[in-house]
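Asks: My questions will all concern the structure given below.
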Amino acid sequence: MNAYVDFQPEEQRKFSRKNATGIITLTPGNGARAYAGKIFNFSRGGMGLATDVPLNVMTQVNIEVAQSSELPQSKRFKGRVVWSRNIHDLDSGTYRYGIKFVEPA
C-alpha cells in the first residue's frame, strides 16, 4: 500500500509575509561594524535576509534599508536572529537569517 502523507508543518507565523528584494545595512548589536545584506521577505513581525556575516541565534541586530522597491529607503528595524542557515550563495551571501523584530515595523 502506497499512501502519501504530507508532513508539512502548520504555518506558525502571526503575520503574513510579503516577498521583497532590496539591499540592507545590518549592524550586529555590539555596533562594531555595519555589513551589506539582501532582503528576501518581510512582515509586520520580522524579515528574511542574507549576508556574509556569521551571527548566532538571539543576536540583536539593527537593520537599515539602503534600497528596495517594497520598503522606504532609510527605514530602520531592530530585531534578533531567530534562525540561521548556511546557503553559500555567491549572489546573496553565505548565511540566510530569520529576524524577529523587537519593535514592530
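The values are calculated or read from the model by the stated rules, or taken from the named source; none is laboratory data. No experiment lies behind these values; they were computed from the predicted model shown. When we count neighbours, we look across all protein chains shown, and the Cβ atoms used for this are built from the backbone with ideal geometry, even at glycine. Accessible surface areas use protein heavy atoms only, side chains included; no ligands, DNA or RNA. Shrake-Rupley method; radii C 1.70, N 1.55, O 1.52, S 1.80 Å.
Asks: Return only the number of the condition from (1) within 14 Å of residue 18 (Cβ to Cβ); (2) surrounded by 18 or more Cβ atoms within 10 Å (Cβ to Cβ); (3) polar (S, T, N, Q) that residue 69 does not satisfy.
Replies: Going through (1) within 14 Å of residue 18 (Cβ to Cβ); (2) surrounded by 18 or more Cβ atoms within 10 Å (Cβ to Cβ); (3) polar (S, T, N, Q) one by one, residue 69 breaks only (2).
Asks: Something else now. Looking at region 51-74, I want the residues that are closer than 11 Å to residue 24 by Cβ and have a partner that is open to solvent by 60 Å² or more (accessible area, probe 1.4 Å) and part of a strand (DSSP E or B) with Cβ atoms under 6 Å, at least 6 apart or on another chain. Which pairs are those?
Replies: 51/35; 62/78; 64/76; 66/23; 67/23
Asks: May I pose another question? What strands (runs of 3 or more DSSP E) lie completely within region 39-105 and have 2 or more residues being among the β-branched types (Val, Ile, Thr) and in contact with a Ser or Thr (Cβ under 9 Å, 6 or more places away or on another chain)?
Replies: 60-68, 76-89
Asks: Please go through region 77-88 and pick out each residue that is of a type outside the set (Val, Ile, Thr) and surrounded by 13 or more Cβ atoms within 10 Å (Cβ to Cβ). Walk me through it before giving the result.
Replies: Just the residues of region 77-88 that are of a type outside the set (Val, Ile, Thr), to begin with: 77-80, 83-86, 88.
If the condition is that a residue be of a type outside the set (Val, Ile, Thr) and surrounded by 13 or more Cβ atoms within 10 Å (Cβ to Cβ), then 77, 78, 79, 80, 84 are the ones that fit.
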